[in-house]
1. So which residues in the stretch 62-103 are hydrophobic (A, V, I, L, M, F, W, C) and away from the ligand (no atom under 12 Å from the Cβ), if there are any at all?
2. For the stretch 19-41, give me each residue that is small (G, A, S), under 17 Å from A130 (Cα atoms) and open to solvent by less than 10 Å² (accessible area, probe 1.4 Å).
3. For the stretch 281-296, indicate whether the set of residues that are within 21 Å of G127 (Cα to Cα), among the aliphatic types (A, V, I, L, M) and open to solvent by less than 70 Å² (accessible area, probe 1.4 Å) is non-empty.
4. Check off (1) more than 15 Å from the ligand (Cβ to nearest atom); (2) open to solvent by less than 70 Å² (accessible area, probe 1.4 Å) for A237 and give me the number that stays unchecked.
5. Check every one of the helices (runs of 4 or more DSSP H) wholly within the stretch 153-272 and list those with 3 or more residues that are farther than 15 Å from L287 by Cα.
6. Kindly indicate the residue of the stretch 104-133 that is closer than 13 Å to Q168 by Cβ and within 15 Å of the ligand (Cβ to nearest atom) and also surrounded by the most Cβ atoms within 10 Å (Cβ to Cβ) among those meeting that condition.
7. Would you say V54 is within 12 Å of the ligand (Cβ to nearest atom), touching a strand residue (DSSP E or B) at 6+ places or on another chain (Cβ under 6 Å) and either more than 18 Å from L243 (Cα to Cα) or open to solvent by 30 Å² or more (accessible area, probe 1.4 Å) (or both)?
8. Do we find a residue being touching an Asp or Glu at 6+ places or on another chain (Cβ under 7 Å) and farther than 24 Å from G127 by Cβ anywhere in the stretch 234-246?
Amino acid sequence: MTTISWIGLGRMGGPMSANLVKAGHDVRGFDLIKQAMVEARSHGVTTCDSIEDVLDGAQVVFTMLPKGEHSRAVYLGDRGVLALAPKNALLIDSSTIDVETAVELHKAAAGAGFDFVDAPVSGGISGAAAGTLTFMVGGETDTVEKAKEFIDPMAGRIVHTGEAGTGQAAKIVNNMMLFISLEACAEGSVLADRLGLDPQVFWDIASVSSGNSWALQTWYPVPGIVDSAAANNNFKATFSAALAAKDAGLALAAGEQTGVDLPAARLAAQRFEQLITEGYENLDCSLIAKYAAPDGKIKGWNPEQA
Ligand code: NAD
């Protein structure tokens, strides 16, 4: 049994940390939101009221935070992980953040005497609950090998992507492709509806045809078709528009740095920004389907109850 500290018990961190409890580890958790701590306790996580407490006795530290700025604050702050964690602790950041910040965290961690990996994930909240996430892990081979033991109870697949920051690079490109697939599902689901197709009949066809994708299987934006879709719950977030806009922005920034033209990603990013402008940043990113409808109306979406 290993003492694992978990910082960030949100939509992903909650179910991921629960799988470490199930694997027999002593998991201590901390989040700024009380409700996240209540839910983590119900999964056997011992919650702590401060970052000092959660890091006490840590052998491994996982972080699952929204953005690069949160990872910076949690690792580099005066009362942060590098200042407070026991020196032999292994540090694993599974948040999706920009490559530059990830590389900076690697350097700062090494400078403070810690082993660190960037280990973002793919698979959504359903993969987090099922323990089938894909982990993309960047860092020194020895450290990645050490990290695998602790990642394993949450993972379907663990891939060593290369040196520091390459886990984040892989994740950013993967998510960019997901958002383009989601835009395809958004447009396709509304067009199929307006052409009078039964949504289940159309989904069954696309599902075994060339229109198939992870987005179609997991996030299809029509209620009553896919269990894990936010469309079943008036677009309550499984992956929020705010996080999708952040990740799409990371891909566009990488495109600018490398001179790669990304028109489809730009469109998806604009759709997520549109949701944020309308005040829907905390709803699911698959709500972009409404922009395909001429009247903004899609099945499963009731703005009055949002
Ligand atoms: P979330 O907003 O549900 O959870 C993030 C949690 O971090 C929140 O509960 C927040 O209170 C907490 N937090 C922020 N700052 C903190 C601090 N200083 N100390 C302690 N807790 C702090 O987000 P999420 O959906 O769980 O996503 C987390 C990360 O995983 C993001 O980087 C996201 O891009 C990535 N991700 C999400 C999904 C998904 O489907 N939701 C899938 C893959 C990757």
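1. Residues of the stretch 62-103 hydrophobic (A, V, I, L, M, F, W, C): 62, 64-65, 73-74, 76, 81-85, 89-92, 97, 99, 102-103.
Within the stretch 62-103, L82, A83, L84, A85, A89, L90, L91, I92, V99, V103 meet the criteria.
2. Let us first name the residues in the stretch 19-41 that are small (G, A, S), namely 23-24, 29, 36, 40.
When the remaining residues are screened for being under 17 Å from A130 (Cα atoms), the result is 23-24, 40.
Across the stretch 19-41, the qualifying residue is only A40.
3. Yes, there is a match, as at least one residue in the stretch 281-296 is within 21 Å of G127 (Cα to Cα), among the aliphatic types (A, V, I, L, M) and open to solvent by less than 70 Å² (accessible area, probe 1.4 Å).
4. Only one criterion in (1) more than 15 Å from the ligand (Cβ to nearest atom); (2) open to solvent by less than 70 Å² (accessible area, probe 1.4 Å) is unmet by A237, namely (1).
5. Hits in the stretch 153-272: 166-194, 199-207, 241-258.
6. The first filter runs over the stretch 104-133 and keeps only residues closer than 13 Å to Q168 by Cβ, leaving 104-106, 116-122.
Still in the list and also within 15 Å of the ligand (Cβ to nearest atom): 105, 118-122.
Details: L105: 28, D118: 31, A119: 34, P120: 27, V121: 24, S122: 18.
My answer is A119.
7. yes
8. no
The values are calculated or read from the model by the stated rules, or taken from the named source; none is laboratory data. Fair warning: this is a prediction, and the values are worked out from it, not measured in the lab. All Cβ positions, glycine included, derive from the backbone under ideal geometry; neighbour counts span all protein chains shown. Just the protein is used for accessible areas: all its heavy atoms, side chains included, with ligands, DNA and RNA removed. Shrake-Rupley method; radii C 1.70, N 1.55, O 1.52, S 1.80 Å.
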